[in-house]
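The values are calculated or read from the model by the stated rules, or taken from the named source; none is laboratory data. Everything quoted here is computed from the prediction, not taken from an experiment. Every residue, glycine among them, receives a Cβ derived from its backbone with ideal geometry; neighbour counts consider all protein chains shown. Ligands, DNA and RNA are stripped out before the accessible areas are found, and what is left, the full protein with its side chains, is counted by its heavy atoms. Shrake-Rupley method; radii C 1.70, N 1.55, O 1.52, S 1.80 Å.
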Amino acid sequence: MQNTLISADNTWVLWAIISGWVAFSIYLEQKYAWAAKMSGAIVALLGALVLTNFNIIPTDAPVYDVIWGYVVPMAIPLLLMQCNIKKIWKESGRMLILFLIGSLGTTCGAIVAYMALRNFIPGLAGVAGMMTGSYIGGGVNFAALAGAFDIPGELVSATTVADNLLMTLYFFVLIAIPSIGFFRKNYSHPYVDEVESMGNKDGDATSAASYWGRKEISLKDIAFACATSFIIVAISTSAAAFLAEIIPTDSVVSNMLNALLGNKYLIITTLAMCVATFAPNTFGEIKGTQEIGTYLIYLFFFVIGVPASIMMIIKNSPLLLVFCTIMVLINMLFVFVFGKILKFNLEDIILASNANIGGPTTAVAMAISKGWIKLVGPIMLVGTLGYVIGTYLGIFMGNLLL
């Protein structure tokens, strides 16, 4: 996929394509009911998938690294400036239970997938351990476990391609679920109802158009929103690097502390919510934080769809795609069945599975894209735990199967 119409170093054109398609996705979401049901986020993701597989844009470019490394961290504080940690802490407990059930589902899925395909894919035990960690805490654990099991580079690359394509399909399914009659009939969905009820106020407008309607905002609001986000990310990044360096990793407990306190996303989330909780009259009154943060997350959704090369799957890793699919389906089975039994809301179930498979960042992105803003803080807190337990369960699973 290197010989593309737009080269990887053609930065301005790539930014034009990304921002242009995201703007078009938001327009479709707010103009047409079918796009609103899919959400602009999934439209953005599908656009990237098409552009990549038709050799128009590259699968890897510095622009994408900027979005992963800078845009996503900037979006988190903006979206948490109105999140009161006192309320969120009460709401996180039940979601943690669901997240742990999903982690168990991932582990069982790894065993089932391994037993089904172990005679067809060499080195599958290490891949099972790697993907167990990845599908409990997201991609953060992927690289660490690949190194822990010394998996050959070509096998890691093939698994990455399979995982990227599956993630695209998986996000599409999750975002579509709230619009499917079966799930609406059998699960409670208060946040979906809230967003849709706002859409009914403006006649023919979609729920997205009503939710993200025009609001008053000043130059000072933009300045304060951006400055606050930059400052929180800067402090959090420096603090995480410092703590990761000074906290030892010579025991299970200290290693866990290192993984938690050395994670910049956890510190960004905590610091942003502390600011929102203890100075609500200052930071909660800044206008435009949700809109700016959501736009940045839409850029992130575009980038998620970029690495999903269908041709590379067909050539190199069809069975690895099957392997990953089995793991994801069993995770979803556990979360949706036990979520129903324990009377969880549909939104909680979707986000808990997303936090397992994609990590807290993609779960937050999905919550924002659907307008479930109150769930952003809880799922970020719960999903961050996956960075820690995912690594340990991945190592355990890989060694068990070996």
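Data for the structure
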{"read-out": "Residue within region 318-341 that is assigned to a loop (DSSP other than H, G, I, E, B) and in contact with a helix residue (DSSP H, G or I) (Cβ under 9 Å, 6 or more places away or on another chain) present", "value": "no"}
{"read-out": "Within region 247-267, considering residues that are free of Cβ contacts under 8 Å to residues at least 24 places away in the same chain and in a loop (DSSP other than H, G, I, E, B), the one nearest to A363 (Cα to Cα)", "value": "G262"}
{"read-out": "Test result for F171, within 22 Å of F344 (Cβ to Cβ), at pLDDT 80 or above and open to solvent by 20 Å² or more (accessible area, probe 1.4 Å)", "value": "no"}
{"read-out": "Residue within region 225-246 that is at pLDDT below 85, in a helix (DSSP H, G or I) and under 30 Å from A279 (Cβ atoms) present", "value": "no"}
{"read-out": "Residue within region 369-377 that is touching a residue at least 12 places away in the same chain (Cβ under 8 Å), open to solvent by less than 40 Å² (accessible area, probe 1.4 Å), more than 25 Å from A110 (Cβ to Cβ) and not in a helix (DSSP H, G or I) present", "value": "yes"}
{"read-out": "Test set (1) farther than 24 Å from M311 by Cα; (2) open to solvent by less than 10 Å² (accessible area, probe 1.4 Å); (3) over 17 Å from the mean Cα position of the chain (by Cα); (4) of a type in the set (A, V, I, L, M, F, W, C) - V72 fails condition number", "value": "(3)"}
{"read-out": "Test for I304: is it under 17 Å from the mean Cα position of the chain (by Cα) and either at pLDDT below 90 or not in a helix (DSSP H, G or I) (or both)", "value": "yes"}
{"read-out": "Single residue of region 53-64 satisfying the filter (among the β-branched types (V, I, T) and under 20 Å from the mean Cα position of the chain (by Cα)) that is most open to solvent (accessible area, probe 1.4 Å)", "value": "T59"}
{"read-out": "Those residues of region 15-69 which are hydrophobic (A, V, I, L, M, F, W, C), part of a loop (DSSP other than H, G, I, E, B) and under 30 Å from I180 (Cβ atoms), in sequence order", "value": "F54"}
{"read-out": "Single residue of region 276-294 satisfying the filter (in a loop (DSSP other than H, G, I, E, B) and open to solvent by 50 Å² or more (accessible area, probe 1.4 Å)) that is modelled with the highest pLDDT", "value": "K287"}
{"read-out": "Residue list for region 345-363, filter: open to solvent by 10 Å² or more (accessible area, probe 1.4 Å) and in a loop (DSSP other than H, G, I, E, B)", "value": "N345, G358"}
{"read-out": "Selection count where residues are open to solvent by 10 Å² or more (accessible area, probe 1.4 Å) and out of contact with any Ser or Thr (no Cβ under 6 Å at 6 or more places or on another chain), scope region 34-46", "value": "3"}
{"read-out": "Matching residues, region 201-224, being outside any helix (DSSP H, G or I) and either on the phi > 0 side of the Ramachandran plot or modelled with pLDDT under 80 (or both)", "value": "G203, D204, A205, T206, W212, G213"}
{"read-out": "Selection from region 259-275 of residues that are surrounded by fewer than 21 Cβ atoms within 10 Å (Cβ to Cβ) and small (G, A, S)", "value": "G262"}
